[in-house]
Amino acid sequence: MSVAILKQGDYLIASIQSDLSDTEVNALRHELAELVGVHRSRGIVIDVAALDVIDSFVTRALRAIVLTARLRGAHTVIAGISPDVAIAMVQFRLNLEPLRVALDLDEAVVALDRLTRGDHEDEG
Amino acid sequence: MKGEVRLAISTDADLVAARAQGRAMAQQLGFPRPDPTLIATAISEIARNIVMHAGTGEIVLRPFEEHDRYGLEVVAIDAGPGIRDVEAALRDDYSARGGLGLGLPGARRLMDGFQLHSDAAGTTVTMTKWRYRDELARARAERRRRA
Amino acid sequence: MNDRSDRPAERGDAPSDKQRARPGSPPMQAVPSSGNEGHDPSAEADRSPAPEARERRTSDPVLEELVAHLRDSRTQMREEWARRISDAELLGVMSDDEIFSEATEVYDNYVDALETGSVETLETYARELSERIIPRGVETDEVLGVVLLLRDVLARALFTRYEGDPAQLNRVLDAYEPAANRIAVVVGVSFVEERERVIQEQQQALRELSTPVLQLRERLLILPIIGALDSARARQLTEQLLGAIRERRAQVVVIDITGVATIDRSVANHLVQTVEASRLMGARTILTGLSSEIAQTLVDLGVDLSMMRTVGDLQGGLVEAERLAGYRSGEIEDSTRIET
Ligand SMILES: Nc1ncnc2c1ncn2[C@@H]1O[C@H](COP(=O)(O)OP(=O)(O)O)[C@@H](O)[C@H]1O
Ligand SMILES: [Mg+2]
C-alpha cells in the first residue's frame, strides 16, 4: 500500500509512502471520502512529504478531498510539502484555495485541534 | 554525459516512471535544487497529456552540454488528434476536457524553453531547462549577448 | 511564436567539456605538441609532422625556421627573459628559481604554440600557473608585463639574427607578430579569467555569510537582507530560508529588507514567490523595512503584494510575529489559508 491511513481519535491521518500514480491518487480520494463517514472523523491530515511532485492533477485531487470532507463535517490539513515542491507549486501558479497547510504531521494535528475547537465554539 | 533516453508513455504508471527518470537525469547533470523537481513536474504534465488526450506516445529526455552551460531537453511526441487551438491551449484555465487547463501553461512556466507543435498528425512539445555552469559563465554570456 | 528560450543550436553534437571553445580566442586546432626538449634543430626539418601540422607549417616555412631558431637558442633566451623579469621587478613575490622554472615551461609552450598554431596547451598551463600565483598576490599588469617581455626578448633576438637580411627579417616578423600577439592575448585572458573566477568564488562565500537566517527565539526566524539583490542571490535566499523553515520548524519568518536600496521586477517577483513558498511549508511571513523607493517601485511594477503581510520596521515586525506565534486569543489564524 502506498498510502497508510490511520485513525487517531477524531482524526484520520493519511501518510503517503511514495510517489503516487494518478490511479492511486484517485483511490486515496475515494477512500478518504468513505472513511470520513465511517468514522465520523472531524479532521484529516494528509502527509505529502513523500510526493516527488505535486502537479495540477494532485492539486485538483487535494482540493476535491478538502471540499468533500468539508461537506461531511471534517477539516483537512496538508502536511510536509518540501521546499522544492513548494517552489515548483508557486512557479507553476497552482491555485491552492482552499487548502490549509502545516509544516509536518505534529503541526497539522495542532492546526486541526484549533480548527475543530472553532467548530465547537460555533455550535455552543 | 550519457545520451538520450526514450520512454514509451501509455499508462499512468509510465507517467510516474517518466518523472522519476527526468528527476534522476537532472540531478546527474548537476542541476541544483529545486530544478530537478521543477523538471519532474513539467514532465508529469506533458506525459499526462499524452495519456489523457492522445492515448500513447513517447517522452525523450536529451541532455546537452555546452561551453558555458548544460541542460536537459524534454520532448513529448504523440500521434494523437492534435490541438485545434494551440494559442488557447497555452492559456491558463483552457481545457477541452474538463481538466484544470493548467498543465501546458504551468509546465511552460517551470521550464526555460517551451515549444508546442500540433496538427492533425499529432502533438510535439519540446521543453528545455538549462543552467550556466557558474555565475561567471552567466555574466560573460550576458555581456556577449549585449555586445 | 511559443519559443521563449534561446535554445542551443546543435544539442545533439554539442562539444564535449574538453574540446569546448573558449570565448575570445580563435578556433583551436588539436595538433600533437612536438615535445622535443633540447632538440637538434637540423634534425627538426626531417621530422615528419602530423598532417594538420604539416598543412600549417608548409604554409609558412618562415615560421618553421623561426621555431627552429628559438629551440636552438632556448637556454640563452630563457636566461635573458628571466633576467629582464628581475630587472623590471616583476613577480616580486616569487623566488628567482621559481621564476626560472616557470619561465622554462612557458617558453617551451610558447614555442610549441608558435609552431603548431594551437594555443590549447599553453592556455591550460597559463590557467594552472594563474591558479598558483593569484593567491600569492600577483597582479594582472605583472603577468602582461612578463609576457610582453618574452615577446620583446624574442623579437630582439630576431633583429640580431637577421640584421644583414632586411627582407628576410620582414618576413620573419610578419610571421612572428600575429602569432606572438595571439599568445600574449591567450595568456593575459587566461589570467584575467582565472582571477575573475577566484573573485567570484570569494563573492559567493561572502554572499552566504551576508545572508544569515537568524533564529530569534524558538520557531521564529529573521532574514535580514543587506546589500544588492540580484536574481542569483534571491534564488539562494529562497533556498536558505525554506531549508531553515524546515530544519528549525519555523512558524513565523520576518524578512527585513531595510538594507536593500533598490529592487527590480524579477527580484520583486522572486520575493513574492518566496513568501508564497514559505506559506506552503506552513510558515507565515512578515516583510519589514520597505523603503519608500522600493514601495513605489513595487507599485509601479504592478507586483501583487495583496497577500503579503508588511510592517513598517523590523521592531514592529517582531511584535507582529510574537502575536502570530502566540495564538493567545485562541482565534483561528486565517493566514494559514493559502490564497493565490
Ligand atoms: N498531447 C495532446 N494531444 C491532444 N490534445 C492535447 C494534448 N495536450 C494538450 N491537449 C489539449 O490542450 C488542452 C490544455 O491542456 P492542459 O493545459 O494540459 O490542460 P488539461 O490537460 O487539464 O485540459 C487540453 O484540454 C487538450 O484539449
Ligand atoms: Mg493536462
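The values are calculated or read from the model by the stated rules, or taken from the named source; none is laboratory data. Worth saying up front: this structure is predicted, and the values here are computed from it rather than measured. Cβ: placed from backbone, ideal geometry, glycine included. Neighbour counts: every protein chain shown.
Quick one: is B:Arg138 within 8 Å of chain C (Cβ to nearest Cβ) and farther than 26 Å from B:Gln21 by Cβ? Yes. Is it the case that A:Glu97 is charged (D, E, K, R), at the interface with another protein chain (Cβ under 10 Å from one of its Cβ atoms) and assigned to a helix (DSSP H, G or I)? No, not satisfied. Restricting attention to the range B:40-54 and to residues that are facing chain A (nearest Cβ under 9 Å) and in contact with a strand residue (DSSP E or B) (Cβ under 8 Å, 6 or more places away or on another chain), the residue that is nearest to ligand 1 (Cβ to nearest atom) turns out to be B:Val51. Scanning the range C:225-248 for residues that are at pLDDT 90 or above and touching a Gly at 6+ places or on another chain (Cβ under 9 Å) yields one hit, C:Ile245.
In the range B:94-114, is there at least one residue being assigned to a strand (DSSP E or B) and more than 11 Å from ligand 1 (Cβ to nearest atom)? For the range B:94-114, residues assigned to a strand (DSSP E or B) and more than 11 Å from ligand 1 (Cβ to nearest atom): present. A search for C-beta distances below 8 Å between a residue of the range C:258-271 that is in the same structural domain as C:Gly312 (by TED's automatic domain parsing) and any residue that is among the acidic types (Asp, Glu), counting only pairs 6+ apart in sequence or on different chains, returns C:Thr258/C:Asp313; C:Ala261/C:Glu293; C:Thr262/C:Glu293; C:Val267/C:Asp230.
A single entry from A:Val53, A:Val90, A:Val77, A:Val85 fulfils the requirement of being among the β-branched types (Val, Ile, Thr), in a helix (DSSP H, G or I) and either modelled with pLDDT of 95 or more or in contact with a Ser or Thr (Cβ under 6 Å, 6 or more places away or on another chain) (or both): A:Val85. Restricting to the range A:1-60, count the residues that are of a type in the set (A, V, I, L, M, F, W, C) and within 16 Å of ligand 1 (Cβ to nearest atom). Qualifying residue count for the region: 5.
Could we say that B:Gly71 is closer than 30 Å to A:Ala86 by Cβ, surrounded by 19 or more Cβ atoms within 10 Å (Cβ to Cβ) and within 14 Å of chain C (Cβ to nearest Cβ) here? Yes; evaluated as a whole, the condition is true for this residue.
Applying the condition of being surrounded by fewer than 20 Cβ atoms within 10 Å (Cβ to Cβ) and of a type in the set (A, V, I, L, M) to the range C:150-174 and asking which residue is nearest to C:Ala126 (Cα to Cα) yields C:Ala155. Among the residues of the range B:72-83, those identified as in a loop (DSSP other than H, G, I, E, B) and near ligand 1 (Cβ under 8 Å from one of its atoms) are B:Gly80, B:Pro81, B:Gly82, B:Ile83. Evaluated against (1) more than 8 Å from chain A (Cβ to nearest Cβ); (2) of a type outside the set (Phe, Trp, Tyr); (3) closer than 23 Å to B:Gly101 by Cα, B:Met25 falls short on exactly one condition, (3). The residue of the range B:55-65 that is farthest from B:Asp12 (Cα to Cα), among those that are within 14 Å of chain C (Cβ to nearest Cβ) and crowded, with 21+ Cβ neighbours inside 10 Å, is B:Phe64. Scanning the range B:83-135 for residues that are more than 12 Å from ligand 2 (Cβ to nearest atom), polar (S, T, N, Q) and within 11 Å of another protein chain (Cβ to nearest Cβ) yields B:Gln115, B:Ser118, B:Thr126, B:Thr128.
Of the residues in the range A:111-122, none is closer than 29 Å to B:Gly106 by Cβ, modelled with pLDDT of 85 or more and of a type in the set (S, T, N, Q).
Determine, yes or no, whether A:Val53 is within 14 Å of another protein chain (Cβ to nearest Cβ) and crowded, with 21+ Cβ neighbours inside 10 Å. Against the criterion (within 14 Å of another protein chain (Cβ to nearest Cβ) and crowded, with 21+ Cβ neighbours inside 10 Å), A:Val53 qualifies.
Within the bounds of the range B:64-71, is there any residue that is in contact (Cβ under 8 Å) with a residue 24 or more places away in the chain and part of a helix (DSSP H, G or I)? Within the range B:64-71 (the criterion being in contact (Cβ under 8 Å) with a residue 24 or more places away in the chain and part of a helix (DSSP H, G or I)), the answer is no, since none of the residues qualifies. A single entry from C:Leu220, C:Leu241, C:Leu237 fulfils the requirement of being within 14 Å of chain A (Cβ to nearest Cβ) and touching a residue at least 60 places away in the same chain (Cβ under 8 Å): C:Leu220. Taking every residue in the range C:185-196 that is outside the structural domain of C:Glu120 (by TED's automatic domain parsing) and in contact (Cβ under 8 Å) with a residue 60 or more places away in the chain and pairing it with any residue that is surrounded by 20 or more Cβ atoms within 10 Å (Cβ to Cβ) and not in a helix (DSSP H, G or I), at least 6 positions away or on another chain, yields no pair with a Cβ-Cβ distance below 6 Å.
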